[in-house]
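Below you'll find the structure, written out as structure tokens, and then a few comments.
Readers should treat all values here as calculations from the given coordinates under stated rules, not as data from a laboratory. All values derive from a computational prediction rather than experimental measurement. Cβ coordinates were reconstructed from backbone atoms using ideal geometry, including for glycine residues, and neighbour counts include every protein chain displayed.
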Amino acid sequence: MHFDDRLATVLRARSGGEASARTQFRQLIDLLGTLPSAARGPQIDAAYVQLDALAKAIPAAERAQALAEPGLRLRSARLLAQLAQSEPAVAVAAMRAAHLSEAEWLDLVPALPVPARIHVRHRRDLGPRLEALLTRLGIADRGLPPATAARQAANDPGLPSTAPLPPPSEGIGAIVQRIEAYRKRKADGERADTASGKSQTLAAQAALRAPLVSFGFASDEVGRITWADTSAAPSLIGLKITARDQSSPVAAPQELADAFRRRQPIRVARIELDGAPAIAGDWQVDATPQFDTHGRFTGYLGRFRRQAAPGSQGIPARADSEADRIRQLLHELRTPVNAIQGFAEVIQQQLFSPTPHEYRAHAAAIAGDAARMLAGFDELERLAQLDSGAMTLDAGSCDFVAVVAGIISQLEAHTARRDSGFVLEADLGAMPVSLAQPEAERLVWRLLATLAGASAPGERLKLRLRRKSGAIRLTVALPQSLANQSDLFHVGPPSTPSPLSAGMFGAGFALRLATSEAKAGGGKLQRREGKLRLELPQAVMGETSGTAAQTEYKGLAS
């Protein structure tokens, strides 16, 4: 019942956000992976349904990475059978992480799809019965058969009649017999394929003429493609994805070669292929490094996708490669932080076993630190997206006076105790801006919270709102600590700790991000000596009662 309680707790958890969805996916894999394969029940069935729903919301590369984490417990044949039906990256990671008995493998392998069987064949812990089963299913090793297989092939009545091989002996004789058996099996396979060879050739030629949109692939440890989807395999097997010389049909960027050398995930790498019409052109490559159970690098598993034209639907054009690299780096940093946060929450919530309160307190602190780090990553990514033009603010309109007044009211919980804050003066009437209200609130909060956090006790800042030449202008005095700085937008660590902050990277970064947000909204944020001036384009909307607004301002300015 204790295990059932934990599974029920995980199922009750909300998975609305990306981080919580990844955490719940990892927890369900860990819990279901330790259940006996024959375990059944409504709660277990609900867990498998939820796992399938999470798989649709989480990218395949992230699910494959979760399955490749050290310490994963994957001992359920039922779970393995479900994962084998997923994308190639997920299926391969599951096959490598599985820990089943030989009897379980013998029962499971016939139900697996062919690509999954191939990767079962690559495992180092196969018993003779499982090897024989894979051979009967057509999944043979790419190397020479063992001596036992050579003797079976020599005595197989289905093969052409030849002189029997001499009894196997040690050394050269055994190797010669194995080579002869391999040649016989290969020749017999070629004769069996002759009847359907022409039709297969015609089908392959037709497939090569049709342009491909995407395909999966796997490479070895030197970057040579060893497997690809059936539609692309004839043109790709043997090519090196890291090739950079002009004589190769593959033109890979230096960033991809560097990532391959460092065994890092490949994200949004651009590759140009030259060859059959089906594969020729520009591609985007995403791939994940693969390692065996001993930690040895075995190659990459990933996917090619057609590179969309700039401005078209699909992959957005990225003019700023530096910003793109920052976004890729943040994506890689989120993975371990998400894992730390997830395990800390497991300990804090006692999902697996009772935990002393002291350790729960430590876990809660770790989870809080991880959440702050993820929030910081979000800010960095938002700045990179805004600066590169990959992101725009939501369009709309809102009363900027009401937005500013509302933010000042929220900040009073902090400023009132210190006799600081803002003295607001505004022209009568509504001041509509061409920006969705959530975006306007985020911008104003980032700006005013930064200034309030830098204000000294007893320091009150004047804030003025007015209309100016088709724009709404907000002018606010700088606190003394910021007014003394020559470069207000310099990004550096926070100078002094403050209970109120608009971000974890200090006032300079927050104001720089606010500048990018204002620019993306069609406005600007500039320093004017001892003041900051924010301008946003004015919009047309219903007028608001000036009397009511003025009444609200009196309470804020008093």
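Worth a mention:
- Rg over Rh [alpha-carbon atoms, Kirkwood Rh] for region 321-388: 1.16
- Over region 214-306, the reciprocal of the mean inverse Cα-Cα separation, the Kirkwood hydrodynamic radius, stands at 13.0 Å.
- In region 54-101, the trypsin sites (Lys or Arg not before Pro) that fall in loop regions by DSSP, at most 14 other Cβ within 10 Å: Arg73
- Entries in Lys56/Lys519; Lys462/Lys524; Lys468/Lys519 that, when Cα-Cα distance is taken, lie over 29 Å: Lys56/Lys519
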